[in-house]
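A short write-up of the structure that comes next.
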Amino acid sequence: MARTNPSSATASPAGSSTPDLPAPGGLCAIHQPNFLPRLTTLAKLFAADYWIVLDDVQFTRRDYQHRALLPAPGEAEGRRWLTIPTHLPHGRQTAICEALIVDADLARRRTAGILRQTYRSSPHWPAFEEALQQVLAAFDTGRTAAVAETSTRVLLDLLGWQGKILSSSRLPARPGRSQRLADLAAATGARAYLCGTGGMKYLQPQLFTTRSITVTHFTPPPLGIWAAGRRDSAITPLMALGPAALADEVKAVASRDDLHPAAKTPRLLSPLEGVQTNVLNRVRLRA
């Protein structure tokens, strides 16, 4: 593993207390906190042993850090944004962890109202509404990132994820998009870094390989519930299928042998998985 120059400036210095790191050799995902994240994002995090919340990079209004795309009631193909009104105290240079909610009480009530209006007819709404209380409580922090991270954790919990969550702001890393990610993965002892399609467009894999970290490309299926998975919030398929069925769908992608080569115990396919077997066989998560 390459040594980090101790004189190098760090973009996210470790906090005063040492974070509780995962066991070395895990599969690592690094992603910004997303508000009610898309299905592809949720599946990538589910596939990882731990998620490093990238909370100390610049906030981007056109991203998903403070907004989610939901169906528009009464419109078969319509969509609308559910947005947390966010103030950036340092302008465009504001880090995600510094972004503040504008009128948190109003934002909380609006979020609860829109979600209820959109999904209350689903038989799975009561279960989600109970879990949603954790997300609504996070508005009291006044921090957009806290709400976004909580919303993701709640969805992961509903699917039965057993992984660990860390914060990049508490880990040492140097500036630079790829450099930061490589440093964070190395700091946590990762054996592999799980990278989505967007990240593969700019990632410099050599920064990982010099640390003996494999870059694994996460590519979910393009059909079925995954067709809108890069656009819509994961709440939509959750409300359509329910937590158990959606968990089966996500596990079918997240537990592939090429992601977890040691886990090769055969299992029976559900009817829904069986329909998609041919599609899944063509999807390779390339290392």
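List of remarks:
- The listed residues are R180, R231, and the only one of them that is charged (D, E, K, R), farther than 30 Å from L115 by Cβ, out of contact with any Pro (no Cβ under 6 Å at 6 or more places or on another chain) and open to solvent by 10 Å² or more (accessible area, probe 1.4 Å) turns out to be R180.
- Number of positions in segment 124-183 that are among the basic types (K, R) and under 20 Å from T86 (Cα atoms): 1
- Within segment 180-202, being modelled with pLDDT under 95 and aliphatic (A, V, I, L, M) holds for one residue alone: M200.
- Residues of segment 43-64 satisfying the condition of being under 18 Å from T236 (Cα atoms) and either among the small types (G, A, S) or not in a helix (DSSP H, G or I) (or both): A43, Y64
- Residue match in segment 199-218 (condition: polar (S, T, N, Q) and either in a helix (DSSP H, G or I) or under 30 Å from P126 (Cβ atoms) (or both)): yes
- A residue that is closer than 19 Å to A107 by Cβ and open to solvent by 30 Å² or more (accessible area, probe 1.4 Å) occurs somewhere in segment 123-133.
- When we screen R67, R109, R116, R61 for residues that are basic (K, R), modelled with pLDDT of 95 or more and under 19 Å from the mean Cα position of the chain (by Cα), the only hit is R67.
- Residue count for segment 65-83, restricted to those that are part of a loop (DSSP other than H, G, I, E, B) and surrounded by 21 or more Cβ atoms within 10 Å (Cβ to Cβ): 2
The values are calculated or read from the model by the stated rules, or taken from the named source; none is laboratory data. Computed from a predicted structure; not experimentally measured. Every residue, glycine as well, gets a Cβ built from its backbone with ideal geometry; the counts of neighbours run over all protein chains shown. Heavy atoms of the whole protein, side chains included, go into the accessibility calculation; ligands, DNA and RNA do not. Shrake-Rupley method; radii C 1.70, N 1.55, O 1.52, S 1.80 Å.
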